[in-house]
Protein chains: 4
Amino acid sequence: MTAGGIDRADPEAAIAEAARKYSNWGRWGEDDVRGTVNLIDGAARVRAAALVRRGAAFSLSMRFQNDGPQKGWRRRVNPVHTMTDTGTEAALGTQGFPHGFGGADDVIFMPLQCATQWDGLGHIFDHGRAWNGRDAARVVTSEGDRVTGIEHLAAPVTGRGVLLDVGRAVGEDGELPDGFAVTEEHLAATADAHGVTVGRGDIVCVRTGQLARVRRGEGWGDYAGGPAPGLSFTTAGWLHRTEIAAIATDTWGFEVRPNEFDGAFQPLHQVVIPHLGLLVGEMWDLDELAADCAADGVYEFLLTAAPLPVTGAVGAPVNPIALK
Amino acid sequence: MTAGGIDRADPEAAIAEAARKYSNWGRWGEDDVRGTVNLIDGAARVRAAALVRRGAAFSLSMRFQNDGPQKGWRRRVNPVHTMTDTGTEAALGTQGFPHGFGGADDVIFMPLQCATQWDGLGHIFDHGRAWNGRDAARVVTSEGDRVTGIEHLAAPVTGRGVLLDVGRAVGEDGELPDGFAVTEEHLAATADAHGVTVGRGDIVCVRTGQLARVRRGEGWGDYAGGPAPGLSFTTAGWLHRTEIAAIATDTWGFEVRPNEFDGAFQPLHQVVIPHLGLLVGEMWDLDELAADCAADGVYEFLLTAAPLPVTGAVGAPVNPIALK
Amino acid sequence: MTAGGIDRADPEAAIAEAARKYSNWGRWGEDDVRGTVNLIDGAARVRAAALVRRGAAFSLSMRFQNDGPQKGWRRRVNPVHTMTDTGTEAALGTQGFPHGFGGADDVIFMPLQCATQWDGLGHIFDHGRAWNGRDAARVVTSEGDRVTGIEHLAAPVTGRGVLLDVGRAVGEDGELPDGFAVTEEHLAATADAHGVTVGRGDIVCVRTGQLARVRRGEGWGDYAGGPAPGLSFTTAGWLHRTEIAAIATDTWGFEVRPNEFDGAFQPLHQVVIPHLGLLVGEMWDLDELAADCAADGVYEFLLTAAPLPVTGAVGAPVNPIALK
Amino acid sequence: MTAGGIDRADPEAAIAEAARKYSNWGRWGEDDVRGTVNLIDGAARVRAAALVRRGAAFSLSMRFQNDGPQKGWRRRVNPVHTMTDTGTEAALGTQGFPHGFGGADDVIFMPLQCATQWDGLGHIFDHGRAWNGRDAARVVTSEGDRVTGIEHLAAPVTGRGVLLDVGRAVGEDGELPDGFAVTEEHLAATADAHGVTVGRGDIVCVRTGQLARVRRGEGWGDYAGGPAPGLSFTTAGWLHRTEIAAIATDTWGFEVRPNEFDGAFQPLHQVVIPHLGLLVGEMWDLDELAADCAADGVYEFLLTAAPLPVTGAVGAPVNPIALK
């Protein structure tokens, strides 16, 4: 299937075909709760650790704060962080502690997909089916994801990270325009330009450059839910064939927006999460890492991207750390 | 200063003396926002990465969930995780999405110190002074920590981790009793038993075994705020002299409870956070890692413990990953 | 049906029989969203207003605060109220406002059933059926109650209030013991003792005295979800026949706990909310009002009990005001 | 002082002068926590109850929902209402309850000033002084308002309500334009047109018509914090002299915006809350009531406006009920 081959009028058929071709249902047993993260093994982690040469650490996370991309769509607001005790009162001595002790404490309210995050396996369904063919109605209820909650991924999401800076390799001035569909060919050309090969168990970070536009002074605008560069629906085969463990982008929605069908909503999600069991990351901040990679020409690293293990969560904040 | 030397009646004097002896104020410049995390350098991380031999990953985080240790003290409740969309509705087809697409989303409300966490440098004050001698009233306000917010530690908290399983080395059946004060001598004996040396830039994980008691069926009880084993006030010198970057325990409050003074509250915190600038972790779940270390005899590893970078936070949830 | 007539072993049959006998489905049209609140009319409100003789106002609401009855059951925690700005910073002048202006602001996180509340019509279902025979699956989803949300009751819940102080009339020292089932006979005896008649459109407040025990120094204990005095399952007919608009108690769960069946959960709820469409209030604080009624012998008043109109809510905090 | 007399360049002097002239400090004793609400007495409530002629009830509250006016300023977001149990699961039978019982529950996160609300006496300060001359730093801390929390107003805010529909009486097509300063003269002319007299203990509702613009299809726009009609700074004397108990408007900020000074922020608040102790309501929805008043020519009614009694709150949601 190529971009040219997409029938814009029939997303449902395209999704069904891709689902059939690229399904991983049953691949890791009927009780599986990890999906493609199973593709990371100890040997892969040992090889990844060997990539650490300078000991430089990069956080690939946005800040979690009131000033963020969210605009309230489906109740996704920005984090609200408030204090239950402050230094101001500690200095005044009104906290009631002895011997000059003072403390500050805080709480947060936030959607789990408010900023840098992993989509859990229970985040997206296809016709009522969740990852591994399960009945969505039984898996994700008001209690949360009772089967594939993000807590099952607390430990294993550490391995070889590869940055594909498609913005730099393919775009102009390091950025792809909104609506730009990143195809398999673009990914391959980028990997070639970087001198890296993407393979089994890798955590692939795709930089489009969209976040750089926000940062450069344009503000958040429609970053959350508006037009964006992103992966073409046609990359489903590549995502399956390469046997990567996870993919993350610097955009709100991972796939290109508007997408390549008429009247469709996040069709690539509908294939890769419930059918491939692929771990998808969004709103990752890849700019500092990308600048370093451009400077030293090294696009692979040890990546530790451990989700906050909220029991039953279908998504989770994450502060991914790349170590070079 | 030794345990025998503590004047139980005068915590304020003891705190003042320790603060004077072990202060790091100014050590990393007057604008410093990282404290002892400055002691981790690239070379340390390269050495730590070289410790990865099997590629085994361990999460040292509790689960973030309704069933947790908190009891409401100073408004610290357990996390409340709720869904804004579920698989149940996706299966029913009532979500309003096209082509069989369905989704689930969620939100969380939680104190930032509800479960496994790092104390930020703005978490504790001594007589109105915050880390590096700053005025607590100006540093941590209702807006959060405007100077030393946890976001400044987003990237660097990766280095060599060392587990000191004092519970196994010193306790009975792998556990220390509540109220047991872990002294410098206990730490040294444990390190000897493990065949490790603690040094500059290390992230030290001290296992007391208290969490194992909760897990073993006793329930949370007074885990949050009640009696517990923990570090003796007298370890302040050791914490300073060893030049470790951070320390974390499997207890609510890091230091021994009740503490070694009359009518005192968390006196060791009052020394090590504002004066040493030490990064302190609490409620870490070290049991699975400890079992592995006991089995293979290797108590050092690469540790990535990146806090969730909530802007202005004085504490942060963390899912620390040990890689052996 | 009498208390003697309850077959403890078969709550399902008893519920079905009561549902059949006392159903109000269709009574106010198939589109109805107000249930028994329809029984309050303008004339009833005019008569109620005429009861105001002294102009004394009583709040029948608990305080919404951290120190409350909730214990986390099904994620029902006590309210967490935090400040986003304080007077402390206003006094310090660090808020950034001109000409000496200072402000304080706050936020709250709370279950809608955390304290004094009305149960919405979408709060309880019988075999998947909601009020008026609707399919519960279509009425109350993750988006909230899309049909009978509490906002539909924003205006009308004002009318004649009647206090039935069963604690004083029937109990010892003004209180009923936990597990005491208040029957129709008890309600009638109480009304007789008070010299009031309960009738169409009334909002009936039943005081058991349980909250007084909490207040008197016993603490919250198991107030939320534990044993309590409350209405007998056998009052379903009375609740229907009297044509009252609403009923509220000073207990967590309105009906007696443990209830009068084996292995049953809130069986009276299952009849009166989905089948009668009855508005049920819980955790009302009736003690101050009751003392006043005992003093002046007047047990009727104007009652304004307007729920906080949260769109789609299945329950709502309320600060009911009795005016005598 | 008249509008013509305002020195635009010196808000601080104008505020100081008004504060001096109109202060109620000490009027109700040094321990007072109610401010002008003290002006409502039993006799006033009896007279107000006598105004109830038809028994028509009007809610003056907006809906509390995700789709609301807030835009995140100082962390004021719209309410986020989520479900912890739904009818969908009840219908599926996955909730674990016996005999066909099903339930739905919900939680909310919201700023206390997110929609229709009362400003508490601890909401605004003048040069570090709170109501009655208290030190703001000691009154409103991270713990909330420890002295004048809104819970002290749980019961008494019931009395005679008077609608002054300035939009209809003075504006065009029933609305005042943004930036229109409502003066004492406008208020008097409106009262005259309505045939009402404003006096001691009244709760005055001023309709500008701004909310009607939002409702009519213009959307929220800058309703929260943008330009708006509202009370002129020069009304401070009228607000004091009339001895009203409270005032509420259909706008975000009660006073005219932009205000009548250069570089000033909410100067009338700075006078009336800390100095008069005046209860101020904002974002009230007066349109339905106003239409009724225009139809029957009666602009006075019994008004019950009981704040949600959140302990220590500096503002509170309220569902005010007008009964005619």
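Here is the list for region A:1-105: GluC sites (Glu not before Pro) lying in DSSP coil, each with at most 15 other C-beta atoms within 10 angstrom of its C-beta, are A:30. Under the combined filter of DSSP loop state and at most 15 neighbouring Cβ atoms within 10 Å, region D:134-170 retains these trypsin sites (Lys or Arg not before Pro): D:146.
Among A:103, A:29, A:237, the largest mean-square fluctuation in a Gaussian network model of chain A, built with springs joining Cα atoms closer than 10 Å, belongs to A:103. DSSP bridge analysis restricted to the protein assembly as shown gives an antiparallel fraction near 70%, rounded to the nearest 5.
Which value, in debye to the nearest 20, gives the size of the charge dipole of chain A about its Cα centre, when Lys and Arg are +1 and Asp and Glu are -1 at the Cβ? Each step should come with its number before you reach the end.
On the way: 28 positive and 42 negative charges, 111 e Å.
Roughly 540 debye for chain A.
When residue A:73 is represented by a point 7 angstrom out along its Cα-to-C-beta vector, the spacings to that point in the other copies are 2.6, 4.0, 4.3 nm, nearest first. Charges were assigned to the Cβ only: +1 to each Lys and Arg, -1 to each Asp and Glu. The resulting dipole of the protein assembly as shown about its Cα centre is roughly 0 debye.
Ranked from shortest, the separations from the 7 Å Cα-to-Cβ label point of residue C:219 to its equivalents in the other copies are 1.4, 5.2, 5.3 nm. Placing unit charges on the Cβ atoms only, positive for Lys and Arg and negative for Asp and Glu, gives region A:153-269 a dipole magnitude near 400 debye about its Cα centre. The Cα atoms of region B:1-89 cover 62, 43, 33 Å along the three principal axes, with the biggest extent listed first.
Label-to-label distances for residue B:20 across copies, nearest first, come out at 5.2, 8.2, 8.7 nm, using points 7 Å from Cα in the beta-carbon direction. The lysines within cross-link reach of residue D:324, meaning a Cα-to-Cα straight distance under 29 Å and a gap of 8 or more places when in the same chain, are C:324. The mean number of partner chain beta-carbon atoms within 10 angstrom of a residue's beta-carbon across peptide B:5-12 is 1.
When the distances between all Cα atoms of region D:118-223 are binned every 5 Å from zero, what whole-number percent does each bin get? Per 5 Å bin, starting at 0, the Cα pair percentages come out as 2, 10, 15, 13, 13, 15, 17, 10, 4, 0. For region B:221-324, the ratio of Cα radius of gyration to the globular rule of thumb 2.2 N^0.38 Å stands at 1.15. Could you check what % of the DSSP bridge pairs in chain D are antiparallel, to the nearest 5? Restricted to chain D, the bridges split so that about 65 percent are antiparallel.
Taking only C-alpha pairs under 8 Å that are 6+ residues apart, what is the relative contact order of chain B in percent? Before the final figure, lay out each step's value.
Values: 748 pairs, mean separation 98.9, N = 324.
Reported relative contact order: 31 percent.
Here the simple spin-label model places points 7 Å from the Cα toward Cβ, and for residue A:10 and residue B:21 these points are separated by 8.0 nm. Rounded to the nearest whole angstrom, the semi-axes of the ellipsoid equivalent to region A:70-167, taken from the Cα gyration tensor as √(5λ), stand at 39, 19, 16, largest first. For trypsin sites (Lys or Arg not before Pro), the sites in region D:1-92 that DSSP calls loop and that have at most 13 other Cβ atoms within 10 Å are D:8.
With Kirkwood's inverse mean 1/r over C-alpha pairs for Rh, give me the Rg to Rh ratio of the protein assembly as shown, two decimals please. Write down the numbers at each step before the final one.
Values: Rg = 31.7 Å, Rh = 32.4 Å.
Rg/Rh for the protein assembly as shown comes to 0.98.
When all protein chains stay in place and ligands, DNA and RNA are ignored, the 1.4 Å accessible-area order of D:31, C:126, largest first, is D:31, C:126. Heavy-atom accessible surface of residue A:218, to the nearest 10 Å², is about 120 Å², with a 1.4 Å probe and all protein chains retained. Just want the answer: with Cβ charges of +1 for Lys and Arg and -1 for Asp and Glu, which residue in A:23, A:83, A:272 is farthest toward the dipole's positive end in chain A? Positive-end residue among those listed: A:23. Note on residue A:67/residue A:197: beta-carbon distance plugged into 1/(1 + (r/R0)^6) with R0 of 56 Å gives a FRET efficiency of 0.90. How much of the calculated P(r) for chain B lies past 25 Å, in percent of all Cα pairs? I get 51 percent for the Cα pairs in chain B exceeding 25 Å. By the helix-only formula, in which each DSSP H run with n ≥ 4 contributes -39500 (n - 2.57) and the sum is divided by residues, the protein assembly as shown has a 222 nm mean residue ellipticity of -5500 deg cm²/dmol.
The values are calculated or read from the model by the stated rules, or taken from the named source; none is laboratory data. Keep in mind that this is a model prediction, so the values were computed, not measured. All Cβ positions, even for glycine, are placed from backbone atoms using ideal geometry, and neighbour counts span all protein chains on display. Accessible surface areas use protein heavy atoms only, side chains included; no ligands, DNA or RNA. Shrake-Rupley method; radii C 1.70, N 1.55, O 1.52, S 1.80 Å.
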